[in-house]
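*Asks:* Before we start, here is the structure in question, set down as structure tokens.
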Amino acid sequence: MDWSAEKAEALLREWTQGESLVKHGLSVARCTESYGWREAERLGLTGDEAARLAEMYRCAGLLHDMDYERHPSTEEHPFVAVKFLREQGWPEEILQAILAHADYSGVVPETHLQRSLFACDELSGFLTACALVKPSKAIAEVEVAGVKKKMKDKAFARAVKREDMTRGAELLGIPIEQHVGNCLAAMQKYAAELGL
Ligand SMILES: [Fe+2]
């Protein structure tokens, strides 16, 4: 099939009414995409090949929670989405990454794409929370040091699992500061798209 980030975003919006879940998909996509560009560079890819790899990473982010609003139970999410996408012919790499972001799926994050999606999922939500407590609500004002401080503050954004954020950085083999910096830069670059 002729897959693209444009199609992935259209599917996310078709399946999701809630604006915050749409925004979550968009932010995870931009963070994950930034790791796709890094991986392309590591592999020595350039031009269209690099762009296509980054687009695949972005699609995984856009689609990972596409069924969450309609099918939030652990019996159905993300399995309904994966079945639907597989029937449509989306690349298996994307489907396996979507499965691996749910730790109960039995698919352990092993490939770089799987690890990137897992690592960006919780962190992007936490960075959004960090932006929303700024008077301007702007992600441009969020800094790595402030994020680290808030990670230690148990009362702040308590639904976001700190151990998933640190495990994500471990899976990627980079310090948490670097992971926060990478995701922050990706979200700042696309602040307008994310409404932050
Ligand atoms: Fe998510």
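Since every read-out is calculated from the coordinates, none of them should be taken as a lab result. Quick caveat, the model's predicted, so the values are computed rather than measured. A quick note on method: Cβ atoms are made from the backbone with ideal geometry, for glycine too, and the neighbour counts reach across all protein chains shown.
*Asks:* For segment 51-65, list residues with backbone N below 20 Å from a point placed 7 Å from the Cα of M1 toward its Cβ?
*Replies:* 52-65
*Asks:* Run the reach check for K189 against lysines, Cα to Cα strictly under 17 Å, same-chain hits fewer than 8 apart removed. What comes back?
*Replies:* Cα-Cα hits under 17 Å: K23, K137.
*Asks:* Quick one: order T166, T46, T32 by neighbouring beta-carbon count within 10 Å, fewest to most.
*Replies:* On the way: T166 16, T46 10, T32 30.
Final ranking by Cβ density, sparse to dense: T46, T166, T32.
*Asks:* Mind listing the Cα extents of segment 1-49 along all three principal axes, in Å, largest one first?
*Replies:* Answer, in whole Å and largest first: 40, 24, 11 Å.
*Asks:* Quick one: T74, T16, fewest Cβ neighbours within 10 Å first, how do they rank?
*Replies:* Details: T74 11, T16 20.
Fewest-to-most ranking of T74, T16: T74, T16.
*Asks:* Comparing K161, K149, K137, which has the greatest mean-square fluctuation in the GNM of the chain with Cα pairs linked when under 10 Å apart?
*Replies:* The residue that fluctuates most here is K149.
*Asks:* Separate question: For the chain, can you list the cysteines whose C-beta has no other cysteine C-beta under 4.7 Å from it?
*Replies:* C59, C130
*Asks:* Summing -39500 (n - 2.57) over the DSSP H runs of n ≥ 4 in the chain and dividing by its residue number, what mean residue ellipticity at 222 nm do you reach, to the nearest 500 deg cm²/dmol?
*Replies:* Numbers: 10 runs with 130 residues, N = 196.
Estimated from H runs of four or more residues: -21000 deg cm²/dmol.
*Asks:* Hey, another quick one. With 10 angstrom as the radius, rank Y35, Y190, Y57, Y68 by how many other C-beta atoms surround their C-beta, starting from the fewest.
*Replies:* Numbers: Y35 25, Y190 17, Y57 30, Y68 20.
Ascending number of Cβ neighbours within 10 Å: Y190, Y68, Y35, Y57.
*Asks:* Let me ask you something else. Compute the FRET efficiency between K134 and E87 as 1/(1 + (r/R0)^6), taking r as their Cβ-Cβ distance and R0 = 35 Å, and round to the nearest 0.05. Walk me through the numbers before you get to the answer.
*Replies:* Details: r = 43 Å, r/R0 = 1.22.
Given R0 = 35 Å and the Cβ-Cβ separation, E is 0.25.
*Asks:* Please work out, to two decimal places, the log10 of the ratio I(q)/I(0) at q = 0.13, 0.16 Å⁻¹ from a Debye calculation in which every Cα of segment 5-194 carries one identical scatterer.
*Replies:* Here the Debye-derived log intensity ratios amount to -0.63, -0.98.
*Asks:* Ratio of Rg to Rh for segment 97-164, alpha carbon only, Kirkwood? Mind dumping the intermediate values first?
*Replies:* On the way: Rg = 13.7 Å, Rh = 13.1 Å.
So for segment 97-164, dividing Rg by the Kirkwood Rh gives 1.05.
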